[in-house]
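The values are calculated or read from the model by the stated rules, or taken from the named source; none is laboratory data. Quick caveat: nothing in here was measured; it's all calculated off a predicted structure. Because the Cβ atoms are built from the backbone with ideal geometry, glycine has one as well, and the counts that use them run over all protein chains shown.
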Amino acid sequence: MSSIKQLKKDINNEIGDLIEDIYLWELSNPTADLSKSEKLIDEAILVFDDLIQQINSVKGDDVKAQFKKIEETKAKVIKDLLKKSAKL
């Protein structure tokens, strides 16, 4: 497992890249309905906040298992967000 600091950086980078891609899509499609892309950006920000909150609330004996679960959750939600952004 990577460090907590690195995990937070990875989450920030992956979600930041996704949001940047959505903004680029919006710029290249100025006549498109932007409500879906704005909802996706809002969802990505909520996912970011949730993952960081999960990391900050890790306590107890089985820390490795908790972080492994967070990493699995991160992979799943990022994959879901990428699928949604591909449908734009």
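Here are LYS68, LYS5, LYS59: which of them is part of a loop (DSSP other than H, G, I, E, B), of a type outside the set (Ser, Thr, Tyr), over 27 Å from LEU88 (Cα atoms) and modelled with pLDDT under 95? Explain how you work it out, then say what you get.
Values: LYS68 fails: part of a loop (DSSP other than H, G, I, E, B); LYS5 fails: part of a loop (DSSP other than H, G, I, E, B).
Testing whether each residue is part of a loop (DSSP other than H, G, I, E, B), of a type outside the set (Ser, Thr, Tyr), over 27 Å from LEU88 (Cα atoms) and modelled with pLDDT under 95 leaves just LYS59.
This table checks each residue for (1) hydrophobic (A, V, I, L, M, F, W, C); (2) closer than 14 Å to LYS5 by Cα.
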| site | (1), (2) |
| --- | --- |
| PHE48 | yes, no |
| VAL58 | yes, yes |
| LYS64 | no, no |
| LYS74 | no, no |
(request) Scan the range 76-88 for residues that are hydrophobic (A, V, I, L, M, F, W, C), part of a helix (DSSP H, G or I) and surrounded by 11 or more Cβ atoms within 10 Å (Cβ to Cβ) and report the count. (result) 4
